[in-house]
Number of protein chains: 4
Amino acid sequence: MDAFVYGKRQPLPADFDEFLTVSGTAIVSIDLHQGHLADTPDCPCPAPRARDVVAGVNRFHAAARAFGVPVIHVKSVLRRNGSDDINGIKSAWRFVFPLYVGSIPNSDQHAIEGSRWTQFVTEVAPSDHIVETKKRLSAFYPTDLDFLLRNMGVKRLVLNGCMTDCCILNSAFDGSNLGYRIAVAQDLVRGTNPEMEDAALKMISLHIGLVVESSDLIDEWRRQIALAKGPDARARSVARSR
Amino acid sequence: MDAFVYGKRQPLPADFDEFLTVSGTAIVSIDLHQGHLADTPDCPCPAPRARDVVAGVNRFHAAARAFGVPVIHVKSVLRRNGSDDINGIKSAWRFVFPLYVGSIPNSDQHAIEGSRWTQFVTEVAPSDHIVETKKRLSAFYPTDLDFLLRNMGVKRLVLNGCMTDCCILNSAFDGSNLGYRIAVAQDLVRGTNPEMEDAALKMISLHIGLVVESSDLIDEWRRQIALAKGPDARARSVARSR
Amino acid sequence: MDAFVYGKRQPLPADFDEFLTVSGTAIVSIDLHQGHLADTPDCPCPAPRARDVVAGVNRFHAAARAFGVPVIHVKSVLRRNGSDDINGIKSAWRFVFPLYVGSIPNSDQHAIEGSRWTQFVTEVAPSDHIVETKKRLSAFYPTDLDFLLRNMGVKRLVLNGCMTDCCILNSAFDGSNLGYRIAVAQDLVRGTNPEMEDAALKMISLHIGLVVESSDLIDEWRRQIALAKGPDARARSVARSR
Amino acid sequence: MDAFVYGKRQPLPADFDEFLTVSGTAIVSIDLHQGHLADTPDCPCPAPRARDVVAGVNRFHAAARAFGVPVIHVKSVLRRNGSDDINGIKSAWRFVFPLYVGSIPNSDQHAIEGSRWTQFVTEVAPSDHIVETKKRLSAFYPTDLDFLLRNMGVKRLVLNGCMTDCCILNSAFDGSNLGYRIAVAQDLVRGTNPEMEDAALKMISLHIGLVVESSDLIDEWRRQIALAKGPDARARSVARSR
């Protein structure tokens, strides 16, 4: 199995089972909703580069479900009355992001509950899980994601979604601090621009976890499952049941 | 007051009082201890670039104290028996950082309680505050920093220390999510290398808060305090007390 | 203003403004939903004594709204697939409560999302706030309640709902630890039985906050508001605006 | 194995392994320090009834260590400058407890770091763990206890210490919400008075976990360990290794 270490693809040494074992893994897909991806002028918080990953994320999730890996979709939802953002302590990005990108016309509508801006663009299967009280940048705050993962016995996370240099990176930090082993599928995340994407993935590879290609991960999981079901596995299982 | 927006110095517009008002501000200085800064081969987790900020941090803290701004020093401390790191769920950096920098000879001694590797290199005044249960990358987890800040009525943080692309960045994310207004003194933080430093500061400027020069912040605070004490302030105060 | 100290009604001394000031207060109403209150054999987690407080809670909330005090309704909601309770780490009450009350026939349906068991029995006004990721006993875990309160600038909570000896008491503990001043309206909470109700209120009065009569609190708030609007207040205000 | 259900001793049914299995269990001993137990007039926060459990706790801990069950001592420690209590948002008990017990002369010295009031009265073995950023009533807030338990792979807690009706009860609630199975050794906890002790234990038995006799638990653990080492266990192990 290869990973990208500071941007360079290289084979991983042998001791990365904690990150790669398919059992105990869950996928956390972050904020792939209309509020970031809609290609209309009223999109309240545009992350246009992330439109490119939707098809790949859908394929990845389908493969994961087939392997029994749970898929958890996390999205930002804010109260209509603004009490948890624009009428309270405003999200910091509302102050600073416009200094770089200019004013964002419809940003007050970002993530408003009940609006189209909270609708997922990616496919959600009935067996998937939804976490929908993300209010700031991390998928863990102030949500029930950690609670859910503990209850499910999850040990490892694969992250995808947007944006690489804010919500993905913050969630990778927090998940890692909480003791989850983190992998980020580099082909399934996008950021503010290529420079920030590249840098966020480098940081993840230095301090937090593995940066991988989603197809490599699927291959690795397929290999593990085949091994567990294969003739050797049957032999071991028979031996054990004697 | 100027700030660095995506690396470019520019004047801030008028609505940044929430980030700049000296009252309600605290400084959080992260991990400027021997375990990162010692210039010896047994340094367990070297961050050599951060040695360059020690003198500047000391000057900044002295100025802040004179203005009544509290200084909070946060450091990593790990239990001797390894139960909260190497003998439990290991810190992720122990797996991935060596893929880039090669093996780190004395890393098992990192942050061990009672060892010299937890001694601050920067000056700690009797009036300063210490937070010393940082165990992973964020200054907020699993520490009492948020609790302390709430109790002190703090609204704004200025971060310094190391490393820009991991502990500073993670702490900036978490502090911002918790509702604190964040500024990072770019001349008082250092990272893995110049590329990562630069990128982390750009991310902070895009999504989290202000990237500033510490001397500009000191000037801004001095200006505010002079204004509050000046003849106009006295006039306003007299008027109010009538 | 009177409070109940270890069950005995007595006048409060003068230094309880932090608990009683109407400005900065919010009401947190806990789990007054069909899943506890339905008077049918399939009620999944019966708290029949709490039916008696519904009318009083509605009156209290109406009065509070008229004074501008926000009302926050918290309820338990569990994922349909059982991943955050019966198919994961089960709620502890599922093990121990039946040892006392006997088996609870429909308990697997408790709080299932989309079911009638999550419908509020009390009135919810459009201006009210809903928190609906309570999964265990505390209104604070794993919910966004603390986040919401911080954003709203809330300093004081008045709790009502059920049950006094579990969710009310646990929420009172947690809220107090987080720095909120807590009052519990003793006429608007009910517990497992009168002995546990009485004991939980005594514990709250010893360690956590004020146990009061809701009508006394309404009178106190009315008095404060009248004072703020009264001739003296107008005189002060005119003086100030000169 | 017997437990106390609403105060009545009775045999437990068969499905309580999650609470009783010795492997994965840790003991959390709460606030058995001089600040509560000192028998002098300057004791800053007297819990005199808890002096009676010290010898029993020491015996219980010694037995547990012999079985390989880790012992974690939690204590309150507050900063000297008062910033996390008396000079910030004061602990709620400082307002309300005196309404019942009268003024507490030396309460400002409660838990002050470096003072004798933070010294454990119970024996602390070199292999034990210390958690010392408890600042309010729960052993989990704002401490690294949950972090430590996750890292140690702990699933079950046995609580002892003081006081039953505040810190023990609050910690039992929070631990249970976090997914730990909770047992409280009723002979090793003490509260404000017998009425509150009794009521707190009843609440725990109804909603949170098991109330047991410490000697019963030691017997149960001894039985399990004997079984695991016994001839049957050897037979099973041999069979497995074929």
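Go ahead and estimate [θ] at 222 nm for the protein assembly as shown from helices alone: -39,500 (n - 2.57) per DSSP H run with n ≥ 4, summed, over the residue count, rounded to 500.
Here the helix-only value at 222 nm equals -10000 deg cm²/dmol.
Over segment C:113-242, what is the relative contact order in percent, taking alpha-carbon pairs closer than 8 angstrom and at least six residues apart?
RCO, segment C:113-242: 18 percent.
If you restrict to DSSP beta bridges whose two residues both lie in the protein assembly as shown, what percentage is antiparallel, to the nearest 5?
15
Residues in segment C:52-86 near a label at C:R94, defined as backbone nitrogen under 20 Å from the 7 Å Cα→Cβ point?
C:75-86
Let me check I have the definition right: for segment D:89-164, take the eigenvalues of the Cα gyration tensor, multiply each by 5, take square roots. What are those semi-axes in whole Å, largest first?
The three semi-axes for segment D:89-164 are 27, 16, 12 Å.
Express the relative contact order of chain B as a whole percentage, based on alpha carbon pairs under 8 Å and six or more residues apart in sequence.
It comes to 28 percent, rounded to a whole number.
Report the FRET efficiency, 1/(1 + (r/R0)^6), for D:K229 and D:D108, where r is their Cβ-Cβ distance and R0 is 51 Å, rounded to 0.05. Write down the numbers at each step before the final one.
Values: r = 53 Å, r/R0 = 1.03.
Efficiency, rounded to the nearest 0.05: 0.45.
Explain nothing, just compute: Karplus ³J(HN,Hα) = 6.51 cos²θ - 1.76 cosθ + 1.60, θ = phi - 60°, for every residue of segment A:191-206 in order, whole Hz, x for Gly and Pro.
Along segment A:191-206, the couplings run x, 4, 7, x, 5, 5, 4, 4, 5, 5, 5, 4, 4, 4, 5, 7 Hz.
Once neighbouring chains are kept in place and the probe is 1.4 Å, which whole percent of the accessible area of segment D:27-168 is contributed by carbon and sulfur?
50
With +1 on the Cβ of every Lys and Arg and -1 on the Cβ of every Asp and Glu, and nothing else charged, how large is the dipole of segment B:104-226 about its Cα centre, in debye rounded to the nearest 20?
On the way: 12 positive and 17 negative charges, 77 e Å.
Dipole about the Cα centre, nearest 20: 360 debye.
Taking the label point as lying 7 angstrom from Cα along the Cα-to-Cβ axis, what are the distances from A:K90 to the corresponding position in the remaining copies, in ascending order and in nanometres?
Those label-point separations list as 3.7, 4.5, 5.0 nm.
So what J values fall out for segment B:63-71 if you push phi through Karplus, 6.51 cos²θ - 1.76 cosθ + 1.60 with θ = phi - 60°, rounded to Hz, Gly and Pro as x?
5, 4, 4, 4, 8, x, 8, x, 10
Taking the Cα centre of segment D:1-90 as origin, work out the dipole magnitude from +1 charges on Lys and Arg Cβ and -1 charges on Asp and Glu Cβ, in debye rounded to 20.
Charge dipole of segment D:1-90: 240 debye, to the nearest 20.
Mind listing the label-point distances from D:S215 to the same position on all other copies, shortest first, one decimal in nm, points 7 Å along Cα→Cβ?
Reported distances to equivalent positions: 5.3, 7.0, 7.5 nm.
Using a 10 Å cut-off around each Cβ of peptide C:198-205, what is the average number of partner chain Cβ atoms that fall inside?
Across the residues of C:198-205, the mean count of other-chain Cβ atoms within 10 Å is 5.
Show the residues, 5+ positions off or on another chain, whose built amide H is closer than 5 Å to the amide H of B:R181.
B:R156, B:L157
Using 0.36 nm per residue, how much length does the chain from C:F67 to C:T40 gain when fully extended, once their Cα-Cα distance is taken away?
Extra length from C:F67 to C:T40 when fully extended: 6.1 nm.
Which chain D residue comes nearest the axis with its C-beta when you rotate D onto B, and by how many angstrom?
Looking at chain D's Cβ atoms against the axis toward B, the nearest is D:T133, 3.
Reported to two decimal places, what Rg/Rh ratio describes segment B:39-140 when computed on Cα atoms with Rh from the Kirkwood expression? Intermediate results must be reported in sequence, preceding the final value.
Details: Rg = 15.3 Å, Rh = 15.2 Å.
Taking Rh as the inverse mean 1/r over Cα pairs, Rg/Rh reads 1.00.
Rounded to two decimals, what is the ratio between the C-alpha radius of gyration of chain B and 2.2 N^0.38 Å?
1.06
Against the longest principal axis of chain B, how steep is helix B:214-229, in degrees 0 to 90 to the nearest 10, with axes from Cα atoms?
Value to nearest ten degrees: 30.
Taking every pair of alpha-carbon atoms in the protein assembly as shown, give the share separated by more than 48 Å as a whole percent.
23
With every protein chain present, what is the per residue accessible area of segment A:73-151 (1.4 Å probe, Å²)?
Solvent-accessible surface per residue comes out at 37 Å².
Collect residues whose amide H, placed 1.01 Å from N in the peptide plane, falls under 5 Å from the amide H of C:R190; neighbours closer than 5 in sequence don't count.
C:G161, C:T164
In sequence order, what are the phi-derived ³J(HN,Hα) couplings for segment A:35-49 according to the Karplus relation 6.51 cos²θ - 1.76 cosθ + 1.60 with θ = phi - 60°, rounded to whole Hz, with x for glycine and proline?
x, 9, 9, 4, 9, 10, x, 8, 4, x, 8, x, 10, x, 4
Can you list the distances in nanometres, one decimal and ascending, from the D:D108 label point to the identical position in each other copy, with the point 7 Å along Cα to Cβ?
For D:D108, the inter-copy label distances come out at 4.9, 5.0, 6.0 nm.
Dipole size in debye (nearest 20) for the protein assembly as shown around its Cα centre, Lys and Arg Cβ +1, Asp and Glu Cβ -1?
Values: 112 positive and 112 negative charges, 6 e Å.
My answer is approximately 20 debye.
Express in whole angstrom the spacing between the alpha-carbon centres of segment B:23-42 and segment C:16-38.
43
Give, ordered by residue number, each residue of segment C:129-157 whose 1.4 Å probe accessible area is reduced by a minimum of 30 Å² on adding the remaining protein chains to the chain alone.
C:H129, C:T133, C:R136, C:L137, C:Y141, C:P142, C:D144, C:F147, C:L148, C:R150, C:N151
Rounded to the nearest 5, what % of DSSP beta bridges with both residues in chain A are antiparallel? Present the calculation step by step, with values, prior to reporting the outcome.
Working: 5 of 30 bridges.
Antiparallel bridges make up about 15 percent of those DSSP assigns within chain A.
Between segment A:59-126 and segment D:125-140, what is the C-alpha centre distance in whole Å?
38
In peptide D:68-81, how many Cβ atoms from other protein chains are near each Cβ within 10 Å, on average?
Mean shielding by partner chains, rounded to a whole number: 1.
Need one word for segment B:44-86: rounded, prolate or oblate. Basis is the Cα gyration tensor (sqrt eigenvalues a ≥ b ≥ c); a/c below 1.5 gives rounded, then a/b vs b/c decides.
Numbers: a/c = 6.01, a/b = 1.81, b/c = 3.32.
Oblate, since a/c reaches 1.5 and b/c is not below a/b.
Positive end of the charge dipole of segment C:1-154 (Lys, Arg +1 and Asp, Glu -1 on Cβ, about the Cα centre): tell me which of C:S29, C:P98, C:A111 has its Cα farthest that way.
About the Cα centre, the residue reaching furthest to the positive side is C:P98.
Work the Kirkwood hydrodynamic radius out for segment A:7-72: mean of 1/r over every pair of different alpha-carbon atoms, inverted, in Å.
Numbers: mean 1/r = 0.0694 Å⁻¹.
Computed over segment A:7-72, the radius equals 14.4 Å.
Show the residues, 5+ positions off or on another chain, whose built amide H is closer than 5 Å to the amide H of D:V211.
Here D:F4, D:V184 satisfy the definition.
Using the basic label-point model (7 angstrom from Cα toward the beta carbon), what is the D:S23 to B:M1 distance in nanometres?
5.8
Just to be sure I understand: if you take the accessible area of chain B alone plus chain A alone and subtract the pair, with a 1.4 Å probe, what total do you get in Å², rounded to 100?
Summing both chains' loss of accessible area gives about 4200 Å².
Using Cα-Cα distances under 8 Å and only pairs 6 or more residues apart, what relative contact order does segment A:85-167 have, in percent?
17
Once you sort the root eigenvalues of the Cα gyration tensor of segment B:112-222 as a ≥ b ≥ c, which label holds: rounded (a/c under 1.5), prolate (a/b larger than b/c) or oblate (the other case)?
Since a/c stays below 1.5, the shape of segment B:112-222 is classed as rounded.
The values are calculated or read from the model by the stated rules, or taken from the named source; none is laboratory data. It should be emphasised that the depicted structure is a prediction, and the values quoted were computed from it without experimental measurement. Cβ coordinates were reconstructed from backbone atoms using ideal geometry, including for glycine residues, and neighbour counts include every protein chain displayed. What goes into the accessible areas is simple: the full protein's heavy atoms, side chains included, and nothing from ligands, DNA or RNA. Shrake-Rupley method; radii C 1.70, N 1.55, O 1.52, S 1.80 Å.
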